[in-house]
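The structure appears below as structure tokens.
The values are calculated or read from the model by the stated rules, or taken from the named source; none is laboratory data. It should be emphasised that the depicted structure is a prediction, and the values quoted were computed from it without experimental measurement. With ideal geometry, Cβ positions are generated from the backbone for all residues, glycine too; neighbour counts draw on all protein chains shown.
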Ligand code: FES
Ligand SMILES: [Fe+2]
């Protein structure tokens with residue numbers, strides 16, 4: 001449970017709020033690289049409750065700017081992406097990538113007024129298939145977080161989807177491991193899963209125990225349960241990384257590389273950016289998706305993007321259509337939820353909690369230990385920044401982000417952190433590990 005004040009503090013992200021200021025200390029992913037092509041139309045970008053526009057110039061440089069023209073406030077969205085800058089169509093003022101006014105054709109020749117006017121623009125980086133902005137107060141931005149595949153920057157590394165709810169309840173779904181045994185596989189019996197697979201252990205014991213640890217980058221948990229006997233344990237490792245990243249515990253630790261960034265668009269809309277080598281396969285049209293049912297492919301199909309602030313990356317299953325629940329399927333026992341697959345299940349449940357869940361009403365149990373820890377760290381960091389200007393965790397430590405998550409079977413007496421140090425580190429290949437061990441968990 002959180003007090004009313006703490007819930008407001010942790011959820012609200014506009015400019016000048018404690019959490020909004022905390023997030024602005026870090027680089028923030030705001031679009032897929034593929035959303036901006038050279039000479040493209042301006043794209044409306046809503047992030048941390050602020051309205052921006054993004055373009056890519058003729059030479060390929062991405063540019064992020066304030067929406068309003070500094071002359072008389074016309075929206076630059078109607079502007080012209082021209083060469084290496086953008087021109088407002090109201091009176092023709094043109095601004096370059098650094099926000100300098102380079103042409104002011106409605107002022108007399110010889111006027112130096114244009115040297116006094118600037119459009120606010122923001123530092124932009126491109127890595128891991130994503131476009132990142134620094135919206136914070138430093139004159140020189142901090143280093144980018146050092147996720148291990150950041151150097152891979154083709155369009156195969158990222159995809160995005162929107163959630164219609166506050167960023168924290170979306171993120172908390174990724175660090176709440178015990179829901180997996182219910183929401184996603186509540187209908188399954190042990191024999192439905194491959195022998196000696198993570199999925200089988202999950203179904204055999206749906207109430208894991210937990211260890212949680214504060215780390216330099218945020219927090220780590222290990223959820224453990226018997227692995228088909230008393231002498232071995234199946235551990236699920238996952239991370240929260242400041243300020244809004246998760247590495248989830250599915251798959252096999254040491255073989256899996258992925259992050260999810262739960263980036264607030266505003267207080268009640270969140271863009272999830274998923275970055276991992278090969279991630280693009282998820283964005284294929286429904287007809288080309290493999291490994292999922294036709295129903296799931298249809299429910300996760302993207303609606304056509306619109307030019308609206310909230311018009312990007314919405315999937316077909318949404319609140320207005322009850323996330324396309326199939327009650328007959330739910331009753332049949334084939335599915336616990338009647339919803340079309342893991343992504344839709346997570347989306348339906350987190351959105352069902354409302355725009356901003358009122359955490360004064362909740363009742364947290366021992367399975368919520370990671371959720372509690374992450375909230376504590378976020379609130380402490382936001383308050384330390386607000387009260388004492390303390391630099392938040394890992395802002396200046398890019399190497400702290402070189403982590404991996406996933407599942408592993410360990411001897412029952414092994415130390416969970418010591419035994420997995422190498423498997424959790426980036427940059428070490430583990431060809432000896434078989435990714436199919438997970439069996440889907
Ligand atoms: S309002 Fe943009 S040039 Fe006048
Ligand atoms: Fe889930």
Out of all the residues in region 70-91, is one or more modelled with pLDDT of 95 or more, surrounded by fewer than 16 Cβ atoms within 10 Å (Cβ to Cβ), touching a helix residue (DSSP H, G or I) at 6+ places or on another chain (Cβ under 7 Å) and over 30 Å from residue 379 (Cα atoms)?
yes
For residue 109, state whether it is more than 16 Å from ligand 1 (Cβ to nearest atom), surrounded by fewer than 21 Cβ atoms within 10 Å (Cβ to Cβ) and not in a strand (DSSP E or B).
yes
Quick check on my filter: what residues within region 149-178 are farther than 22 Å from residue 47 by Cα, touching a strand residue (DSSP E or B) at 6+ places or on another chain (Cβ under 9 Å) and modelled with pLDDT of 90 or more?
175
When the residues of region 171-195 are narrowed to those that are within 15 Å of residue 372 (Cα to Cα) and in contact with a helix residue (DSSP H, G or I) (Cβ under 7 Å, 6 or more places away or on another chain), which ends up farthest from ligand 1 (Cβ to nearest atom)?
178
In region 383-398, the residues that are in a helix (DSSP H, G or I) and under 19 Å from the mean Cα position of the chain (by Cα)
398
Would region 128-146 turn up any residue that is surrounded by fewer than 20 Cβ atoms within 10 Å (Cβ to Cβ), more than 17 Å from residue 52 (Cα to Cα) and either more than 28 Å from the chain's Cα centre (by Cα) or within 16 Å of ligand 2 (Cβ to nearest atom) (or both)?
no
Pick out, from region 1-103, the strands (runs of 3 or more DSSP E) lying fully within it that include 2 or more residues that are assigned by TED's automatic domain parsing to the domain that holds residue 114 and under 22 Å from the mean Cα position of the chain (by Cα).
27-32, 43-47, 50-56, 62-66
Would you say residue 341 is assigned by TED's automatic domain parsing to the domain that holds residue 187, more than 16 Å from ligand 2 (Cβ to nearest atom) and either under 19 Å from the mean Cα position of the chain (by Cα) or modelled with pLDDT under 95 (or both)?
no
Among the residues of region 52-84, count how many are more than 16 Å from ligand 1 (Cβ to nearest atom), in contact with a strand residue (DSSP E or B) (Cβ under 9 Å, 6 or more places away or on another chain) and under 20 Å from residue 29 (Cα atoms).
8
